[in-house]
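Novice: Below you'll find the structure I mean.
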Amino acid sequence: MISTARYWFFIALIVLVYIIGMFVTLFENDSAQFAVMAMRMVQENDFLSLFKGPEEYLDKPHMHYWLAALSYTIFGIHDWAYRIPGILATFLAAYSCYGLGKLLYNKDVGRLASLIFMTAQTIVLATIDIRTDAVLTGFTIFAIWQLATFIEKGTLQSIALGAFGAGMAFSTKGQIALVVIGISLLCHLAYTRKWARLLNWRLLVALLVFGLTISPMLYAYYHQFDLHPEKVIRGKDHRSGIFFIFWEQSFERMSGEGVGKNSSDFFFFFHTFLWVFLPWTVLALIGYWTQLKAFWQAKFAQRPQLEFLTVGGISILFFLISFAQFKLPHYINILIPLYAVMSAAFLFGLYQREKQKMAKVILGIQYFILGLVIVFALLVCFYVFRLEQWYGYLLLVAALVLAAYFILKKETVYAKIVTVAILSSVVLNGLMNAHFYPKLLEYQGGSTMAEKVRENNIPVDKIYKISERYSWSLDFYNKKPVQITSLSEIADKKDIWVYATDEELEQLRKNGFQWEEQITVDQFRITRLQAKFLNPNTREGKLNHMHLVHLD
């Protein structure tokens, strides 16, 4: 469908977009929070305990933080160092999509699957706003690929690698990894009727490898929680970390107990999928429906051109996660590799069967998406956050010329579908990573204040706050968590700086504190964008402020 040269050209463009995003300021809350949690491991030389500010952290296992801490140890404590493990895990996921697509179909489907995965909007976003899901997704699809290879070929290497991947995924976010891996593979076993693989002695090797892989995480949980039944976590004592990760975690997520409820909308992930899989959403939806129709017509009998691992896995897992009472858009990331393989297979099927009419409809939709991307890019560059440097305009023109070249180039409709979709992703996310996010993050009070702290040579060990309100980005870029104090304790401290909101600043005034030095920066919750904030004419009205005042 596309040449090898173009395939690697697209890979290079996508990697360039990822690299640009590596050096962007960390987002609050999760990215900066997780970066601080890993930073504390290194600074305190305690790799067995997890803390979220002053609170002990039970919610997620340790692997993501260990990998970030390892990166800090090698490269130093930097935002780009924090992102390295997540980006490498994304590359592992892309390669695993290639491997799984090749295993279930052919090499061309594998190539398409890797491109679709790497350019899906939620995956590109996950390489800049790094959370646990990047590592989780990488090792989950790696495990599915290797264990599916074992089902097909029966090799010891594949089942051992699959068990290692499953162990790493489980050590990153818990039971959800095993649920996704298990259901996907059960769908494959049910369709291929290869149940005899479950009686193979190599499964004992897999259990051993899995057990060894998760043992460091289990020991860390045991050390922090099981050995200390007196600790009160979320209002309960006698919390077993091992029991939590094997049993309680997913039930808490499904019920909302402990973590709280944020959405009882069963269709949350349905409408979320419409944007997280852009620019491939329509291709995935048509492909999914076509595959289901094919299985129904075949009465689920085995057919050489069909596989049930992706379609079955997506159907069951999507249904299950929709019952969860606590939902966030990135929770769907773990399913994106399955969507990528399924979508690639559908597109390649159109190419093989020369379904020109449907392909032209899909191409028309891709042109429409690219058109929206270009309009958005122009709005951002000339209205929302105006370009200020000449090279910004040069890069924008270069991107538009590149898009125009591939649009005008004469080639098959199938190659154009892939090309236009990838251009949409590259242009959009290249702009976001290089221009939009850096300008947006100027309104993130914590990281902006950290710059002021450096410029004014303020000792970070003399900065306090009078509440337990999180200050993740300031903590990270100061390389020291802001110390917590109270209004009564401040009176006994000399020569300190207090980091405060507008309301907290007023509390200081009412309690008789005075200061001569004050640094004020804009503050906006950047992960919750609003139209009035994006409009330069109304932006000021949506801003809050953060202050740093010097108390003698």
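The values are calculated or read from the model by the stated rules, or taken from the named source; none is laboratory data. None of the values given here were measured: they were computed from a predicted structure. As a convention, Cβ positions derive from the backbone with ideal geometry for all residues, glycine included, and neighbour counts pool all protein chains shown.
Novice: May I ask you to list the residues in region 22-33 that are outside any loop (DSSP other than H, G, I, E, B) and either polar (S, T, N, Q) or within 17 Å of residue 422 (Cα to Cα) (or both)?
Specialist: 31, 33
Novice: Search region 468-492 for residues being polar (S, T, N, Q) and surrounded by fewer than 16 Cβ atoms within 10 Å (Cβ to Cβ), and hand back the single one that is modelled with the lowest pLDDT.
Specialist: By that ranking, first place goes to 488.
Novice: Restricting to region 176-235, and then to whatever is within 27 Å of residue 248 (Cα to Cα) and among the hydroxyl-bearing types (Ser, Thr, Tyr), can you tell me which residue is surrounded by the most Cβ atoms within 10 Å (Cβ to Cβ)?
Specialist: 184
Novice: Can you say whether residue 71 is at pLDDT 95 or above and either small (Gly, Ala, Ser) or more than 19 Å from residue 228 (Cβ to Cβ) (or both), as far as the supplied structure shows?
Specialist: yes
Novice: Right, something else. Residue 105: closer than 21 Å to residue 277 by Cβ, at pLDDT below 95 and among the hydroxyl-bearing types (Ser, Thr, Tyr), yes or no?
Specialist: yes
Novice: Could you check, for region 77-89, whether at least one of its residues is farther than 30 Å from residue 351 by Cβ, in the same structural domain as residue 237 (by TED's automatic domain parsing), touching a residue at least 24 places away in the same chain (Cβ under 8 Å) and assigned to a loop (DSSP other than H, G, I, E, B)?
Specialist: Yes - at least one qualifying residue is present in region 77-89.
Novice: Going through region 291-311 one residue at a time, which ones are modelled with pLDDT under 90 and assigned to a helix (DSSP H, G or I)?
Specialist: Across region 291-311, the qualifying residues are 291, 292, 293, 294, 295, 296, 297.
Novice: Something else now. Can you tell me which residue within region 361-393, out of those that are more than 18 Å from residue 281 (Cβ to Cβ) and not hydrophobic (A, V, I, L, M, F, W, C), is surrounded by the most Cβ atoms within 10 Å (Cβ to Cβ)?
Specialist: For region 361-393, the residue satisfying everything is 392.
Novice: Quick check on residue 129: is it assigned by TED's automatic domain parsing to the domain that holds residue 218, surrounded by fewer than 24 Cβ atoms within 10 Å (Cβ to Cβ) and part of a loop (DSSP other than H, G, I, E, B)?
Specialist: Against the criterion (assigned by TED's automatic domain parsing to the domain that holds residue 218, surrounded by fewer than 24 Cβ atoms within 10 Å (Cβ to Cβ) and part of a loop (DSSP other than H, G, I, E, B)), residue 129 qualifies.
Novice: Something else: Got at least one residue in region 42-49 being among the polar types (S, T, N, Q) and either buried (at least 24 other Cβ atoms within 10 Å of the Cβ) or touching a Leu at 6+ places or on another chain (Cβ under 8 Å) (or both)?
Specialist: The answer is no; no qualifying residue exists.
Novice: Report whether or not residue 391 is closer than 30 Å to residue 349 by Cα and not polar (S, T, N, Q).
Specialist: no
Novice: Name the residues in region 433-449 that are among the aliphatic types (A, V, I, L, M) and surrounded by fewer than 23 Cβ atoms within 10 Å (Cβ to Cβ), would you?
Specialist: 434, 440, 441
Novice: Can we say residue 96 is out of contact with any helix residue (DSSP H, G or I) (no Cβ under 7 Å at 6 or more places or on another chain), surrounded by 23 or more Cβ atoms within 10 Å (Cβ to Cβ) and of a type in the set (Gly, Ala, Ser)?
Specialist: no
Novice: What are the residue pairs meeting all of these: first residue in region 459-472, first residue within 14 Å of residue 29 (Cα to Cα) and assigned by TED's automatic domain parsing to the domain that holds residue 448, second residue of a type outside the set (D, E, K, R) and surrounded by fewer than 18 Cβ atoms within 10 Å (Cβ to Cβ), Cβ atoms under 8 Å, and 6 or more apart or on different chains?
Specialist: From residues that are within 14 Å of residue 29 (Cα to Cα) and assigned by TED's automatic domain parsing to the domain that holds residue 448, the pairs are 470/29; 472/29.
Novice: If the Cβ limit is 6 Å and pairs must be 6+ apart or interchain, which residue in region 38-53 that is in the same structural domain as residue 64 (by TED's automatic domain parsing) and small (Gly, Ala, Ser) pairs with which residue that is at pLDDT 90 or above and buried (at least 16 other Cβ atoms within 10 Å of the Cβ)?
Specialist: So the pair list comes out as 38/65; 38/68; 38/69.
Novice: What about residue 368, is it assigned by TED's automatic domain parsing to the domain that holds residue 415, farther than 22 Å from residue 170 by Cβ and of a type in the set (Phe, Trp, Tyr)?
Specialist: Answer is yes for this residue.
Novice: Let me ask something additional. Picking from 143, 148, 160, which residue would you name as being in a helix (DSSP H, G or I) and within 25 Å of residue 248 (Cβ to Cβ)?
Specialist: Exactly one residue qualifies, and that residue is 143.
Novice: Looking only at region 138-150, decide whether some residue is touching an Asp or Glu at 6+ places or on another chain (Cβ under 6 Å) and either of a type in the set (Val, Ile, Thr) or closer than 24 Å to residue 68 by Cα (or both).
Specialist: no
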